[in-house]
Amino acid sequence: MLSVEHLDLFHGDARALDDVSLEVPDGAIVAIVGANGAGKTSLIRTIAGMHRPAGGRITFRGVDIAGWPSHKVCNLGIGQVAEGRQVFPSLTVLENLEMGAMLPRAKALRRRQLERVYALFPIMAERASQAAGTLSGGQQQMLAIGRCLMGAPELVMFDEPSLGLSPTVVQDVLRTIRDLNAEGLTCVLVEQNVAVSLKLASRAYVLENGRITLSGTGAELLADDRVRQAYLGL
Amino acid sequence: MKAILDDMPVRGRILAAIVLLALAAAPFVANRYLLSVLTLILYLAYVGQAWNLVMGFCGQLSLGHALYIGLGGYVAALFWLEFGVGPWIGVFAAMAVAMAFGAVIAWLGFRFGIEGVYFSLLTIAFAEFTRIGFDNMAFTGGAGGLFIPYEEKRLGEWWNLRGGQWMYYYIALLLAAGAVTLTAWLARSRLGYQWVAIREDETAARALGIDAFAVKMKAMLISSAMTAVGGVFYAFYYNTLFPSQMFDMGRSIEIIMAPIVGGLGTVFGPVVGAFVLTPMGELLIAATERLGFNAPGTKAVFYGAMLIVIIMLRPAGLWPWLARMLGVWERKP
């Protein structure tokens, strides 16, 4: 579905991504694992069109989208749940959700997607007219995911969806991602919670200093000594 | 239009109708001085609203809106003086020129990631170098200024903005009421929501596929065009144009005071702010003159003090608080 080949990205003079290649098959959960500053967020944002790569190809369903602006990338069906629960605090829950359906591709599907989001997160229907800033951290993360789904994406990139959430809420969020995937949504998952994300993932990549240093199935990486030492503390 | 009214609580609709009626009737009871103060209030409410779109809703701090006042005023005045073309046509040229400048600033700022305080500096820089340019351009009168002559025979040509205090008052009222209606409509529009999204979290807005550049550009274009209309009004109301006055930093500050005091990103905030600030400023000037000391900076000091008080006591502005008190709470978009 999505394939990244030899992607290079610079922030000024600093190299953020160095010859990154990865493959996201249709219907998969692909995990990207790495330390802080390894380039995970840079990678997601480059795919999403928020950074312009210096070189390489990003192919989505056969179209090279490298260097496309983000609103065009979004409209192809690549959604993003950005890092840090970025809801619009003064807008209501419903307005936040509607912001996700402003894409041309999503406008006609608005009602259907809203019903889907409400079915997935009943609390959003209850709180529809409440300002999003008054929701709890976990609810805000659910809202951010719901808002992304309003755009009817085929692929969603989750950037640290469990950041700053309590353990039980983290479980809820990860279960939601698994359920969405079971319904056919292709997912890219960037998680600090390495053990859990590798368990969920059918394929995983380790990113270090902007380079892919290791890849394999989730189970293979879970069993890999280097991964166990560096990221699982075993 | 109906949707805007539906959004207002009944008490709000009644209050708005009363205020509008009172303002429409004001010339019949107010004396000339009071009417001139009211005209100034409505003018400041209008230009404040124009700025409010770009800062209050879209979150981009322009500190150089005097640029559009100056350009608007000069373009319409030159059309009138040089070609005999009245401001009812000149205003479109004024809007076009202001939008062209606004587009260049927005393009530089938003395309090259000049954000936050650097964007504000960019807006100041443009206003300043345009001022210096006008100071030295012979055909605009240079630093010596431009004067629109008072012609007895033209009085009553309201389409040419030639008339008495009543005419200016009603035009200012029309502008202010129009700006409020436009803002109320925009605030509920797709574009209005996109502005707020960018104001609250630009990265998140972009992640949802909002074209941040286009959306911010639209805010600047609409705001600069609206402000230019205010500049045309200003030029034909006061009949004198000096670069040091039209493009001055102080004028930019004057524009932004009402919305800040009234409430940024609200539909009625700039109006409330103008109605609170302007009379107080006028009273203060009258008082200092009465006391016999002529201190030119008094108004600026007063604005500064007001700003500090408001930011400390009502950081969201007077209107959200006042509206709650009156039970006409405008849902903040």
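Values quoted throughout were computed directly from the atomic coordinates according to the rules given, and no laboratory measurement underlies them. Note that the structure is a prediction, hence the values are computed from the model and not measured. Glycine also receives a Cβ, built like all others from the backbone with ideal geometry; neighbour counts cover every protein chain displayed.
What to note about this one:
- Of the DSSP H helices in chain B, those whose Cα atoms cover at least 24 Å axially and whose Kyte score averages -0.5 or more: B:10-29, B:32-52, B:66-83, B:87-111, B:117-135, B:165-188, B:212-238, B:269-290
- Report summary: the helix-based calculation at 222 nm, which adds -39500 (n - 2.57) for every DSSP H run with n ≥ 4 and divides by the residues of chain B, gives -24000 deg cm²/dmol.
- Rel. contact order, % - alpha carbon contacts under 8 angstrom, at least six apart, region B:2-247: 38 percent
- P(r) of chain B over all Cα-Cα pairs, binned every 20 Å from zero, in whole percent: 31, 60, 9, 0
- Placing a label point 7 Å from the Cα of B:ALA143 along the Cα-to-Cβ direction, the residues of region B:236-278 with a backbone N closer than 19 Å are B:241-251.
- Ellipticity estimate at 222 nm from DSSP helix runs (n ≥ 4, -39,500 (n - 2.57)) divided over chain A, nearest 500: -10500 deg cm²/dmol
- At 1.567 mPa s and 4 °C, Stokes D of region B:1-84 from Kirkwood alpha-carbon radius, µm² per second: 80 µm²/s
- Distance between region A:21-37 and region B:22-67 - C-alpha centres, whole angstrom: 54 Å
- Taken over chain B, lysine pairs spaced eight or more positions apart, or on distinct chains, with alpha carbons under 29 Å apart number 5.
- Size of charge dipole - region B:76-211 - debye, nearest 20, with Cβ of Lys, Arg +1 and Asp, Glu -1, no other charges: 260 debye
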